[in-house]
Amino acid sequence: LLVQPLAQGIAAVAAVQTGLGALARIEEVLALPEETADDDVRVRGVLGHAPVEVRLDDVRFAYVDETGEAPGPPVLRGASLVAPAGRRTALVGPSGAGKSTVLALVERFYDVDGGRVLVGGHDVRDLPRAELRAATAYVEQDAPALAGTLRDNLLLGRPDATDAELLAVLDQVNLGELVAQRATGLDTQVGDDGVLLSGGQRQRLAIARALLARPALLLLDEPTASLDSRNEQALADAVAAIGPTTTVLVVAHRLSTVVDADRIVVVDDGRVVAEGTHAELVGTSPLYRDLAARQLLV
Ligand code: ATP
């Protein structure tokens, strides 16, 4: 007589706890700051598939503090940089320097407190957000993969892509082997959240998906987690192979991705402290030399 009601009671407690967890998550989402309206749009239809220059002009920015009302400590303190159209520009620097924040401001997840962010010569505040984001692909640090097949994941980038196009882009990001090794090919399941892929493979799948949309600008936040040397090289090669049809702005946590970048921007404590190629910076920037030395490149 007792066992069944007890079991039901325990199940009910578990259900309530799950519900409370979900409610907490909903509250979190509802508490996110709303984006400002797009009513100040001044230019439309200027961004397409052609690669665009990105420019930060004396940008100042702070996230809001935990109360959600006052500005927190400054994160960017007058940062200026140029990422030329169709080139690969890497942001490097110590953890917390503000590199990922630069990407968030280019994508206009937040508005600057001072200065300007220009994409294709236009202040991002003057552009419709939908247009900015359609022209931009953003691959975050722990890029998610969806439960489903490789094909399902890729078609999100371009629903009308043919199998030949999917295979070509997988080759471009060094995932061709993954398909070739399996009888199921593009129908290979990636598992819940892509668990059947390694972190490096998930990131490259996300890059492949992004490239299928032929973005004018690719914003890429490299994973901080360590990759084995094969995955590290595969990621570096995939980024290097993107070519001049897309401007690439990459937050690089490993120098293997940056040594052959067209331009390297060194960020420290919210400011740009040096810019140049790897060879130039080894000669001119003590901070870069130090980063490079720690990764055994000089
Ligand atoms: P890493 O190399 O570790 O990724 P980073 O140079 O990319 O670092 P950011 O992620 O831009 O640095 O962070 C800069 C500062 O802003 C850090 O002090 C960080 O704690 C803070 N920060 C980043 N994102 C947020 C956020 N969403 N809300 C509040 N503070 C944030």
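Read the figures in this text as sums done on the coordinates, not as results from a lab. Being a predicted model, the structure only gives us computed values, none of them experimental. Every residue, glycine among them, receives a Cβ derived from its backbone with ideal geometry; neighbour counts consider all protein chains shown.
Values as computed for the structure displayed
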{"quantity": "Charge tally in the Cβ shell below 11 Å around Val59, where Lys, Arg are +1 and Asp, Glu are -1, Val59 excluded", "calculated": "+1"}
{"quantity": "Local net charge near Val173, Cβ-Cβ under 12 Å (Lys/Arg +1, Asp/Glu -1)", "calculated": "0"}
{"quantity": "Gaussian network model of the chain, springs between alpha carbon atoms under 10 Å - residue of Ala70, Ala83, Ala216 with greatest fluctuation", "calculated": "Ala70"}
{"quantity": "Ranking of Tyr110, Tyr63, Tyr138, Tyr288 by count of other Cβ atoms within 10 Å, fewest first", "calculated": "Tyr63, Tyr110, Tyr138, Tyr288"}
{"quantity": "Residues Thr162, Thr246, Thr188 arranged by fewest to most Cβ contacts within 10 Å", "calculated": "Thr162, Thr188, Thr246"}
{"quantity": "For peptides 86-93, 278-285, sequence by mean Cβ density within 10 Å, most packed first", "calculated": "86-93, 278-285"}
{"quantity": "Helical segments meeting 15 Å axial Cα length and Kyte-Doolittle -1.0 threshold in the chain (DSSP H)", "calculated": "3-31, 199-212, 229-240"}
{"quantity": "Distance from region 56-83 to region 89-144 (C-alpha centre basis), Å", "calculated": "12"}
{"quantity": "Environment charge at Val251 (Cβ cut-off 9 Å; Lys +1, Arg +1, Asp -1, Glu -1)", "calculated": "-1"}
{"quantity": "For the chain, built as a Gaussian network whose Cα springs stay under 10 Å, the top-fluctuating residue of Val169, Val251, Val13", "calculated": "Val13"}
{"quantity": "Val3, Val106 arranged by Cβ crowding within 10 Å, fewest neighbours leading", "calculated": "Val3, Val106"}
{"quantity": "The chain: most fluctuating residue of Ala236, Ala22, Ala180 per GNM, C-alpha cutoff 10 Å", "calculated": "Ala22"}
{"quantity": "Derived scalar couplings ³J(HN,Hα) [region 82-94; Karplus, 6.51 cos²θ - 1.76 cosθ + 1.60; whole Hz; x for Gly, Pro]", "calculated": "10, 10, x, 4, x, 10, 9, 10, 10, 9, 10, x, x"}
{"quantity": "Full-stretch length increase - Ser198, Ala183 - with 0.36 nm per residue and alpha-carbon distance subtracted", "calculated": "3.5 nm"}
{"quantity": "Residue-averaged 222 nm ellipticity for the chain, from DSSP H runs of 4+ at -39500 (n - 2.57), nearest 500", "calculated": "-11000 deg cm²/dmol"}
